[in-house]
Every structure is written in structure tokens, then in C-alpha cells.
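What follows is one structure encoded as C-alpha cells, with my remarks underneath.
The values are calculated or read from the model by the stated rules, or taken from the named source; none is laboratory data. What you see is a predicted model, and the numbers here were worked out from it, not measured in a lab. Here Cβ is always computed from backbone atoms with ideal geometry, including for glycine, and neighbour counts include all displayed protein chains.
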Amino acid sequence: MIDTHCHLEMRPFDDDREDVIKRAKENLEAVITIGSDFEGSKGAVALAEKYDFVYASVGIHPHDAKDFNDNIFNQIKAWAKNPKVVAIGETGLDYHYDHSPRDVQKEIFIKQLGYAVESGMPAIIHSREAKEDTLKILKESRVSKGVLHCFSGDMETAEKAMEMGLYISFAGTITFKKALQIQEIAKVIPDEYLLIETDAPYLAPEPFRGKRNEPAFVKHTAEFIAKLRGVSLEDIDRITTLNAKRLFGIGGMPERGEITYKIRDSLYLNITNRCTSKCSFCIKFHSDFVKGHNLRLAGEPSADELKSAIGDPALYKEVVFCGYGEPLLRLDAVKEVAAWIKEKGGRVRINTNGHGNLIHKKNILPELHGLVDSMSISLDAQDEKTYNKICNPAFKNAFNEVVNFIKEANKYIPEVIATVVTAEGVDVEKCKEIADSLGVKLRIRSLDVVG
């Protein structure tokens with residue numbers, strides 16, 4: 001886990017800074033301590049140089065924009081060349097306190113963003129009660145690497161920031177009972193844009209609200225967000241750690257594709273990256289990762305390799321054939337591994353695009369009877385025209401064959417669920433009518449939610 005925003009150099013840590021950093025190292029993979037004025041940036045760099053797992057960001061907070069000058073700017077540029085300095089900021093606009101005149105805040109924000117873009121470094125952005133000016137300046141700056149830290153804005157702000165490539169970071173405030181708007185936003189931020197932080201020594205999460213915050217407390221924020229999003233703490237840890245490494249260039253990225261990967265209390269099997277559809281919404285066309293797992297395979301695993309990677313299937317709620325491709329392309333491997341899972345007391349689910357009978361030119365569903373407990377089949381559209389536009393199938397008449405596959409699956413598989421993604425052009429109500437006519441449930445998945 002990584003605390004992407006704290007202020008370890010600040011006075012509240014003077015009496016026990018070593019102990020705070022020790023606790024952080026025991027609980028976290030890395031910490032980024034953020035400069036907010038000249039002395040703070042200087043202190044952040046010193047701490048980053050002293051501790052291997054601590055990194056720094058340098059910049060001038062909008063509160064102190066009035067003190068900004070060329071000498072300070074030149075020093076920021078010099079610090080930025082230090083390999084332990086990974087970002088510029090925090091910088092931005094604060095119209096709540098207005099400690100610096102607004103025109104000065106904007107000028108200094110623009111300057112620091114300009115240097116972040118020029119240097120290729122991410123920007124740490126502070127915005128409070130300054131939505132319109134913040135978004136305008138960000139857009140004009142052409143910044144594409146950065147984070148809106150301690151997010152307190154609305155959904156429109158988050159969406160526009162993500163359109164620019166910026167991450168959204170949540171601090172301990174999200175755990176407060178009255179933070180309902182931020183909680184609703186945190187539920188739906190796509191995995192690939194999510195970060196967590198403490199902003200220590202400020203904004204301690206529940207159950208420490210009102211006390212001095214510290215980096216180790218970021219776990220409580222992560223636990224709260226996990227509950228909001230219906231995933232595990234392990235999932236949030238993995239997702240946000242990956243995102244922090246990607247944004248700030250710290251630590252190693254997973255290079256090898258995983259053949260098994262855990263999400264919540266289920267184990268997923270990634271048995272192929274081949275597919276007979278090229279769905280416009282499929283995440284594999286713009287990322288190697290799902291929920292922080294690298295799913296880009298170098299080769300397809302054997303049935304024995306899958307069994308070895310699974311271990312004890314009874315440890316999981318279910319074992320799911322899914323991954324970055326169509327599992328029924330490898331029907332023999334699916335049957336062998338599914339039979340083994342059932343022998344070991346496990347539960348089997350297959351997530352499929354419904355092309356299995358087209359692929360094998362026969363009805364394969366009787367062969368899966370007794371091996372598969374549940375099957376999720378991608379209906380994805382209400383008619384052939386929409387389906388072809390969204391899914392780009394390799395087969396003619398694929399939509400009608402998918403509908404027939406769902407109907408046939410209901411004869412052999414105990415639980416069958418048709419699924420749709422809320423992509424443009426999809427009529428969910430008509431999809432529900434189709435599912436009802438086939439006697440199956442319909443699961444609706446948001447366009448930006450994967451896994």
C-alpha cells in the first residue's frame with residue numbers, strides 16, 4: 001500500500017518523526033511526502049534522501065503563492081532533478097481561505113503546471129471551491145499526468161479530470177459520516193484512476209478523527225473505500241498501489257501475466273487472450289491490468305499449470321473462467337480443469353461471449369453439464385445491428401446464435417445469467433425483455449466497472 005500524499009516534514013511530527021516513519025515502513029510499501037512551501041519542499045527532499053521508501057514532491061501551495069518568486073521556482077526545478085523527487089506540487093487554487101490573491105494563485109498554478117508538463121512529471125493538484133478556474137487552467141495547460149488530491153469536488157469535476165488523464169485521490173475525509181457526496185463518487189471512479197492518501201498530519205480517518213494523522217492510517221481509508229466498492233481491502237491495496245507506481249514511476253510493475261487472480265473471494269482463471277469479439281468497451285485494448293492484475297499472457301497455460309496455480313479450489317467462493325479472452329476457445333482445457341475443481345469440492349463459473357457453439361460448430365453445452373455451476377453470457381445488445389457495432393464478432397449471425405446459446409444453456413447449467421454493459425446504443429430495457437423471454441436473469445454492468 002502507498003500513501004500518495006502526506007507532509008512528514010511538518011511540525012506536528014517533530015517530537016516523534018522517527019517513530020511515525022518506522023510505523024509507515026512496517027505497514028506501507030512507499031510514502032510520498034509533499035512540499036507545500038519552500039521550507040516544506042526542502043524538508044520533503046531531505047526525508048526522501050534519508051529513507052529508501054520515502055519519495056518527495058516539490059512545489060508551492062496556493063496559500064503561499066504570494067511568496068513565489070524566480071529564485072524559488074529555480075530551486076523547485078533543481079530539486080525536481082533529484083531521482084527521489086517524483087512530482088511537482090502541491091499546487092492549485094484555494095478559494096475557501098484565499099490566503100493569496102486569486103489572480104496570484106492562478107498565475108503560480110499555471111507556472112508550476114507548465115513546468116510539470118515540460119519536465120514530464122506528474123502534478124499534485126489542490127482545488128477547493130475553485131472548480132471552474134481549476135478545470136479551465138488544467139485544460140489549457142494540456143497536463144495529462146497528475147492527481148486531484150484529497151478530492152472534495154463533484155462528479156463533473158472528477159469526470160473532466162479523468163478525461164484529461166488525471167487520477168482522483170481520496171483522503172480520510174471519505175470516512176466521515178456526512179461525506180455522502182464524496183462517498184458516492186468514490187463508488188464509481190474507475191479502478192485505473194483511483195488513489196488513496198492521508199494528507200497527514202491533517203484529516204485523520206475514522207476512528208482517529210480529530211487526532212494527528214499519519215501515513216500508517218491510510219489503511220483505514222482503504223478499508224472504507226473497499227466496503228463502498230464491494231471489494232476486498234486486498235483489491236484496493238493492489239489497485240491503488242499499481243496506480244501510484246504507474247503515475248509516480250516508483251517501484252516495480254508486474255511484468256508477467258497472471259493465469260490465476262483473486263478478486264474479492266473468487267479466483268479467476270486467465271486461460272487465453274484470444275477472443276472471437278472485439279468489443280469496443282473491452283479494457284484489454286487499452287490496459288494490461290484488471291483490478292491491479294496483469295492479464296497479458298506470454299503463452300496459454302496447460303491444464304496442469306492451471307491446477308497447480310489454483311491450489312485448493314474449495315478455498316474460494318467460486319473459480320471463474322474469465323480473463324482477457326474467450327475461455328470456450330479452449331473447451332478441452334475448460335472441461336478438464338472444471339472436472340478437477342468439482343472433484344476437489346469447488347464451484348465453477350464460466351464468463352463467456354456465447355460463441356462456444358459457433359467456435360466448435362456443435363452444441364457444446366451438454367459436455368459442460370455437471371461441470372459448470374453458473375454461466376454468465378454476454379448478451380451485450382438488444383438487436384443484431386447494435387451487437388455487431390459494439391462487439392465486432394468474428395462470426396455472421398452471432399447475435400442470434402448468442403441468444404440461442406443462452407436459451408440452450410438454461411437446459412444444462414444450473415444458473416445462467418445474461419449480461420449487458422451500459423455502452424452507447426444499448427437499450428437495457430429491451431435486453432431485459434430478451435432475458436425474461438429466455439427465462440434467465442440479467443446483470444447490468446456499468447461501462448467503467450471491470451471485474
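Which members of the range 285-295 meet the condition of being in a loop (DSSP other than H, G, I, E, B) and under 22 Å from His355 (Cα atoms)? So that I can check it myself, show each step before the final result.
We begin by selecting, within the range 285-295, every residue in a loop (DSSP other than H, G, I, E, B); these are 286-288, 291-292, 295.
Listed by number, the list holds a single entry, Leu295.
State all residues of the range 33-59 that are touching a helix residue (DSSP H, G or I) at 6+ places or on another chain (Cβ under 7 Å), farther than 14 Å from Ala80 by Cα and either of a type outside the set (Ser, Thr, Tyr) or not assigned by TED's automatic domain parsing to the domain that holds Lys22 (or both); if no residue qualifies, say none.
Residues satisfying the conditions are Asp37, Phe53, Val54.
Matching residues to (1) among the β-branched types (Val, Ile, Thr); (2) surrounded by 14 or more Cβ atoms within 10 Å (Cβ to Cβ); (3) free of Cβ contacts under 8 Å to residues at least 40 places away in the same chain:
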| site | (1), (2), (3) |
| --- | --- |
| Ala87 | no, yes, no |
| Asp103 | no, no, yes |
| Thr134 | yes, yes, no |
| Ser141 | no, yes, yes |
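With respect to Thr241, determine if the residue is among the hydroxyl-bearing types (Ser, Thr, Tyr), in the same structural domain as Ala298 (by TED's automatic domain parsing) and under 30 Å from Gly346 (Cβ atoms). Show your work before the answer.
Values: among the hydroxyl-bearing types (Ser, Thr, Tyr): yes; in the same structural domain as Ala298 (by TED's automatic domain parsing): no; under 30 Å from Gly346 (Cβ atoms): yes.
Criteria not met by Thr241.
Which residue is nearest to Ile283 (Cα to Cα), if the candidates are limited to the range 163-184 and must be in a loop (DSSP other than H, G, I, E, B) and not hydrophobic (A, V, I, L, M, F, W, C)?
So the first thing to find is which residues in the range 163-184 are in a loop (DSSP other than H, G, I, E, B), and the list is 164-166, 171, 176-179.
Now restrict to residues that are not hydrophobic (A, V, I, L, M, F, W, C): 165, 177-178.
Numbers: Gly165: 16, Lys177: 34, Lys178: 34 Å.
Result: Gly165.
Out of all the residues in the range 151-162, which are crowded, with 23+ Cβ neighbours inside 10 Å and either in a loop (DSSP other than H, G, I, E, B) or aromatic (Phe, Trp, Tyr) (or both)?
Across the range 151-162, the qualifying residue is only Phe151.
If we keep just the residues of the range 29-43 that are buried (at least 19 other Cβ atoms within 10 Å of the Cβ) and touching a strand residue (DSSP E or B) at 6+ places or on another chain (Cβ under 7 Å), which is farthest from His7 (Cα to Cα)?
Among them, the one singled out is Ala30.
Filter the range 174-189 for residues that are exposed (fewer than 15 other Cβ atoms within 10 Å of the Cβ) and in contact with a helix residue (DSSP H, G or I) (Cβ under 9 Å, 6 or more places away or on another chain); which is farthest from Leu247 (Cα to Cα)? Give the derivation first.
Within the range 174-189, the subset exposed (fewer than 15 other Cβ atoms within 10 Å of the Cβ) is 177-178, 180-181, 184, 187-188.
Going one step further and asking which of them are in contact with a helix residue (DSSP H, G or I) (Cβ under 9 Å, 6 or more places away or on another chain), we end up with 181, 184, 187-188.
Details: Gln181: 26, Glu184: 24, Lys187: 21, Val188: 20 Å.
Per the criteria, the residue is Gln181.
Please note which strands (runs of 3 or more DSSP E) are completely contained in the range 185-284 and include at least 2 residues that are touching a Lys or Arg at 6+ places or on another chain (Cβ under 7 Å) and hydrophobic (A, V, I, L, M, F, W, C).
Details: elements: 194-196, 260-263, 266-269.
Those strands (runs of 3 or more DSSP E) do not exist here; none qualify.
From the list Val372, Val337, exactly one residue is of a type in the set (A, V, I, L, M, F, W, C), assigned to a loop (DSSP other than H, G, I, E, B) and surrounded by 19 or more Cβ atoms within 10 Å (Cβ to Cβ). Which is it? Explain how you work it out, then say what you get.
Details: Val337 fails: assigned to a loop (DSSP other than H, G, I, E, B).
Criteria check complete, one pass: Val372.
Inside the range 204-219, can you point out the residues that are surrounded by fewer than 18 Cβ atoms within 10 Å (Cβ to Cβ) and either farther than 22 Å from Lys177 by Cβ or not basic (Lys, Arg) (or both)?
Glu206, Pro207, Phe208, Gly210
When you check Ile185 against the structure, is it of a type in the set (A, V, I, L, M, F, W, C) and touching a residue at least 60 places away in the same chain (Cβ under 8 Å), yes or no? Steps first, answer last, please.
Details: of a type in the set (A, V, I, L, M, F, W, C): yes; touching a residue at least 60 places away in the same chain (Cβ under 8 Å): no.
Judged against the criteria, Ile185 is not a match.
Determine the pairs where a residue that is touching a residue at least 60 places away in the same chain (Cβ under 8 Å), located within the range 22-49, has a partner that is assigned to a loop (DSSP other than H, G, I, E, B) and not small (Gly, Ala, Ser) with Cβ atoms under 6 Å apart, the partner being 6 or more residues away or on another chain.
Here the result reads Leu28/Met1; Ala30/Phe53; Ala30/Ile250; Ile34/His7, each pair linking the range 22-49 to a residue that is assigned to a loop (DSSP other than H, G, I, E, B) and not small (Gly, Ala, Ser).
Out of Ile250, Ile225, Ile271, report the one residue that is more than 30 Å from His355 (Cα to Cα), of a type in the set (A, V, I, L, M), crowded, with 16+ Cβ neighbours inside 10 Å and in contact with a helix residue (DSSP H, G or I) (Cβ under 6 Å, 6 or more places away or on another chain). It would help to see each step written out before you state the result.
Values: Ile250 fails: in contact with a helix residue (DSSP H, G or I) (Cβ under 6 Å, 6 or more places away or on another chain); Ile271 fails: more than 30 Å from His355 (Cα to Cα).
So the residue among Ile250, Ile225, Ile271 that is more than 30 Å from His355 (Cα to Cα), of a type in the set (A, V, I, L, M), crowded, with 16+ Cβ neighbours inside 10 Å and in contact with a helix residue (DSSP H, G or I) (Cβ under 6 Å, 6 or more places away or on another chain) is Ile225.
Taking Asp436 and the conditions (1) farther than 23 Å from Lys278 by Cβ; (2) touching a residue at least 40 places away in the same chain (Cβ under 8 Å), which numbered condition does it fall short on, given that it satisfies the others?
(2)
Kindly list the number of the only condition in (1) surrounded by fewer than 20 Cβ atoms within 10 Å (Cβ to Cβ); (2) not in a helix (DSSP H, G or I) that fails for Tyr324.
(1)
Regarding Cys275, is this residue in the same structural domain as Ser308 (by TED's automatic domain parsing) and at pLDDT below 95? Before you say what the answer is, go through the steps one by one.
Numbers: in the same structural domain as Ser308 (by TED's automatic domain parsing): yes; at pLDDT below 95: no.
In short, no.
Got at least one residue in the range 57-64 being more than 29 Å from the chain's Cα centre (by Cα), under 30 Å from Asp19 (Cβ atoms) and either at pLDDT 95 or above or surrounded by 19 or more Cβ atoms within 10 Å (Cβ to Cβ) (or both)? Step through it out loud before you land on a result.
In the first step, residues of the range 57-64 are kept if they are more than 29 Å from the chain's Cα centre (by Cα); the result is 63-64.
When the remaining residues are screened for being under 30 Å from Asp19 (Cβ atoms), the result is 63-64.
Those left that are additionally either at pLDDT 95 or above or surrounded by 19 or more Cβ atoms within 10 Å (Cβ to Cβ) (or both): 63-64.
Yes, some residue in the range 57-64 is more than 29 Å from the chain's Cα centre (by Cα), under 30 Å from Asp19 (Cβ atoms) and either at pLDDT 95 or above or surrounded by 19 or more Cβ atoms within 10 Å (Cβ to Cβ) (or both).
Among residues belonging to the range 404-427 that are in contact (Cβ under 8 Å) with a residue 40 or more places away in the chain and among the β-branched types (Val, Ile, Thr), point out the one that is nearest to Glu367 (Cα to Cα). It would help to see each step written out before you state the result.
Going residue by residue through the range 404-427, those that are in contact (Cβ under 8 Å) with a residue 40 or more places away in the chain are 404-406, 408-409, 411-421, 423, 425-427.
Okay, now just the ones that are also among the β-branched types (Val, Ile, Thr), so 406, 413, 416-417, 419-421, 426.
On the way: Ile406: 15, Ile413: 10, Val416: 16, Ile417: 19, Thr419: 23, Val420: 26, Val421: 28, Val426: 32 Å.
It comes out as Ile413.
When Lys22 is evaluated against the numbered criteria (1) surrounded by fewer than 24 Cβ atoms within 10 Å (Cβ to Cβ); (2) part of a strand (DSSP E or B), which criterion, by number, is the only one it fails?
Of everything listed in (1) surrounded by fewer than 24 Cβ atoms within 10 Å (Cβ to Cβ); (2) part of a strand (DSSP E or B), Lys22 misses just condition (2).
Starting from the range 225-238, keep only residues that are over 19 Å from Ile2 (Cα atoms) and not assigned by TED's automatic domain parsing to the domain that holds His293, then list their pairs with residues that are assigned to a helix (DSSP H, G or I) and hydrophobic (A, V, I, L, M, F, W, C) whose Cβ atoms are within a distance under 6 Å, requiring at least 6 positions of separation or different chains.
Between residues of the range 225-238 that are over 19 Å from Ile2 (Cα atoms) and not assigned by TED's automatic domain parsing to the domain that holds His293 and residues that are assigned to a helix (DSSP H, G or I) and hydrophobic (A, V, I, L, M, F, W, C), the close pairs are Leu228/Ala186.
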